Amino acid sequence: MSSMSMADVRDAIAAVAHEFGKDRNERAARTALDRNDFEHLADAGFLRVGVPATMGGLWTNVAGIVRGYCELVREIARADPSVALVASMHPAVLAFWLAADDGSLRPQAERFFETALAGHWWGTVISEPGSGGDPMRTRTRARRENDRWLLTGTKHFGSGSGVTSFMITMARADDEPEPDVFVIDMRERKWDGSTGLRMTRAWDGHGMMATQSHAFELRDCAAERSAAANLYAASAPIVGQLTPLLFTAVIMGVLDSAAELARGTIGARVAGLRAYERVAWTETSNELWLAEQAFEGALRSVESNHRGALAAARAKLTVAGLAESALARLGRVVGGASYSRGQPFGQWGQDVRALGFLRPPWGYAFDQLIALEFVD
Ligand SMILES: Cc1cc2nc3c(=O)[nH]c(=O)nc-3n(C[C@H](O)[C@H](O)[C@H](O)COP(=O)(O)OP(=O)(O)OC[C@H]3O[C@@H](n4cnc5c(N)ncnc54)[C@H](O)[C@@H]3O)c2cc1C
């Protein structure tokens, strides 16, 4: 397969996102993914974000790719936040194998990268009810049977279910203290329990409505174990920088669209704004500016290899709070029409709330920030 540069992929993704953007309001009301969207993104080269440059992909190291990857998902999110969030999982997941510098992992990693080059999407269904988003609290069991692993447990929030070919998850082998990373091949796997996987709850989120982040029960579900011991911990220093910023980039894309649409309507009547509306808009603008500074600052920390994990975690949490606040305030200035489902503001207000719940969710994120600041 011929190679594409980051700039090639960026241009191609911009063209696809431009097409998506023509249906932006209709997309905002969707509750399901459209496979065609993912084919267009794959054709534009997006799947190469999960492949090393040495194999024709875009990955070099986290400092080299973070800005480019974030720009791609931000661009998609301006047109369709749900599609962008599902797409962001692909590099976030394959980054475990891209980041690990472990020779024993190489044959498995290359096989997985080949799947991305062949057009397959990767996702994650690690979260478990009751874990509070902390993978180390995984209760799903892994049982070895001859040369394969069988997983049993409950999982939820599997974004991209139905579109992804492979889902990573975590499970605990009976005689081991820490959970490990496993890969479930979702191709041809029914969701009725006949092949170890049963959908227990279809996704019904208030926001990110179309992400198909379904809940599942695993019962002796066959999975492939990571070839490197303790992959999660080994990759965390890299994945912990990339993933929060990818999620944040999705929300920055939503803020871009909201700001652009609001500026259009408010700018047309700026001279007639009441005093309160002027204040509320200025405060909204300040919050949007602060969100941009937080995001940019974290990108620079990662790019300069200076406390990137702390900066990425801080930016995710900071932007989550600012985005919720800015969208609520912005509605007061745009007016009651923003409360109509005929306009996307209400949906965007729900979409941006996802950032605080995405891994690490609020409580876990605060614990992590304290640890990164004082313990590391
Ligand atoms: C839009 C979005 C997409 C996400 N995508 C992914 C993904 O692709 N992969 C992934 O692994 N994680 C994903 N997550 C999950 C995220 O990473 C956290 O794990 C999750 O938000 C943590 O939830 P929690 O803090 O409520 O803890 P939890 O421990 O998960 O939940 C707390 C309690 O709420 C209960 N509960 C949870 N869901 C429901 C429900 N629907 N109805 C009733 N009770 C419920 C649980 O039983 C538990 O007792 C996604 C989250 C969001 C918001």
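The values are calculated or read from the model by the stated rules, or taken from the named source; none is laboratory data. Given the structure is predicted, the values throughout are model-derived calculations rather than measurements. Backbone-built Cβ (ideal geometry, glycine too); neighbour counts: all protein chains shown.
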Residue check for Glu324: within 30 Å of Arg137 (Cβ to Cβ), over 17 Å from the mean Cα position of the chain (by Cα) and modelled with pLDDT of 95 or more: yes
From Arg219, Arg189, residue being farther than 22 Å from Ala84 by Cβ and in a strand (DSSP E or B): Arg219
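In the set Glu296, Glu303, Glu373, which member is out of contact with any helix residue (DSSP H, G or I) (no Cβ under 7 Å at 6 or more places or on another chain) and farther than 23 Å from Phe157 by Cβ?
Details: Glu303 fails: out of contact with any helix residue (DSSP H, G or I) (no Cβ under 7 Å at 6 or more places or on another chain); Glu373 fails: out of contact with any helix residue (DSSP H, G or I) (no Cβ under 7 Å at 6 or more places or on another chain).
It is Glu296.
For the range 60-75, what are the residues that are more than 26 Å from Leu255 (Cα to Cα) and either of a type in the set (Ser, Thr, Tyr) or surrounded by 24 or more Cβ atoms within 10 Å (Cβ to Cβ) (or both)? Before you say what the answer is, go through the steps one by one.
If we filter the range 60-75 for residues that are more than 26 Å from Leu255 (Cα to Cα), which is where we start, we get 60-61.
Hit for the range 60-75 is Thr60, nothing else.
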I'd like the residue in the range 134-156 that is of a type in the set (Lys, Arg) and touching a residue at least 12 places away in the same chain (Cβ under 8 Å) and, out of all such residues, is nearest to the ligand (Cβ to nearest atom). Lys155
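Return the residue satisfying two criteria in turn: it lies in the range 232-282 and is outside any helix (DSSP H, G or I) and among the hydrophobic types (A, V, I, L, M, F, W, C), and of such residues it is surrounded by the fewest Cβ atoms within 10 Å (Cβ to Cβ). Full working, then the answer.
Let us first name the residues in the range 232-282 that are outside any helix (DSSP H, G or I), namely 268-269, 273-274.
Going one step further and asking which of them are among the hydrophobic types (A, V, I, L, M, F, W, C), we end up with 268, 273.
Details: Ala268: 9, Leu273: 14.
Among those that are outside any helix (DSSP H, G or I) and among the hydrophobic types (A, V, I, L, M, F, W, C), it is Ala268.
What strands (runs of 3 or more DSSP E), lying completely within the range 122-178, carry at least 2 residues that are more than 17 Å from Phe96 (Cβ to Cβ)? Before the answer, list the steps.
Values: elements: 122-124, 141-145, 148-158, 166-173.
Per the criteria, 141-145, 148-158, 166-173.
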Residues of the range 114-133 being surrounded by fewer than 24 Cβ atoms within 10 Å (Cβ to Cβ) and more than 8 Å from the ligand (Cβ to nearest atom), in sequence order, are Glu114, Thr115, Leu117, Ala118, Gly119, His120
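Looking at the structure I just gave you, is Ser88 within 20 Å of Pro361 (Cα to Cα), within 11 Å of the ligand (Cβ to nearest atom) and in a helix (DSSP H, G or I)? I'd like the intermediate steps shown before the answer.
On the way: within 20 Å of Pro361 (Cα to Cα): yes; within 11 Å of the ligand (Cβ to nearest atom): yes; in a helix (DSSP H, G or I): yes.
Yes; evaluated as a whole, the condition is true for this residue.
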Within the range 92-113, restricting to residues that are touching a Phe, Trp or Tyr at 6+ places or on another chain (Cβ under 6 Å) and more than 16 Å from Ala171 (Cβ to Cβ), the one that is nearest to the ligand (Cβ to nearest atom) is Leu94
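Restricting to the range 159-206, name every residue that is farther than 20 Å from Leu231 by Cα, surrounded by 14 or more Cβ atoms within 10 Å (Cβ to Cβ) and small (Gly, Ala, Ser).
Within the range 159-206, the first condition is being farther than 20 Å from Leu231 by Cα, and the residues that meet it are 159-165, 186-206.
Remaining after also requiring surrounded by 14 or more Cβ atoms within 10 Å (Cβ to Cβ): 159-165, 186, 189, 191, 193, 195-200, 203, 205.
Ser159, Gly160, Ser161, Gly162, Ser165, Gly193, Gly196, Gly205, listed by residue number.
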State which residue pairs qualify: first residue of a type in the set (Ser, Thr, Tyr) and inside the range 256-269, second residue in a loop (DSSP other than H, G, I, E, B) and surrounded by 11 or more Cβ atoms within 10 Å (Cβ to Cβ) in any location, beta carbons under 8 Å apart, and separation of 6 or more residues or different chains. Ser257/Pro344
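Glu176 - would you say it is of a type outside the set (Phe, Trp, Tyr), at pLDDT below 95 and either within 16 Å of the ligand (Cβ to nearest atom) or within 20 Å of Ala215 (Cα to Cα) (or both)?
Working: of a type outside the set (Phe, Trp, Tyr): yes; at pLDDT below 95: yes; either within 16 Å of the ligand (Cβ to nearest atom) or within 20 Å of Ala215 (Cα to Cα) (or both): no.
No.
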For the range 76-113, what are the residues that are within 19 Å of Ala223 (Cβ to Cβ), at pLDDT below 95 and either touching a Ser or Thr at 6+ places or on another chain (Cβ under 7 Å) or buried (at least 23 other Cβ atoms within 10 Å of the Cβ) (or both)? Ala100
If you go through the range 47-59, how many residues are under 12 Å from Trp122 (Cβ atoms) and either part of a helix (DSSP H, G or I) or in contact with a Pro (Cβ under 9 Å, 6 or more places away or on another chain) (or both)? 3
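Right, Thr115: in a helix (DSSP H, G or I), at negative phi and of a type in the set (S, T, N, Q) or not?
Details: in a helix (DSSP H, G or I): yes; at negative phi: yes; of a type in the set (S, T, N, Q): yes.
Yes.
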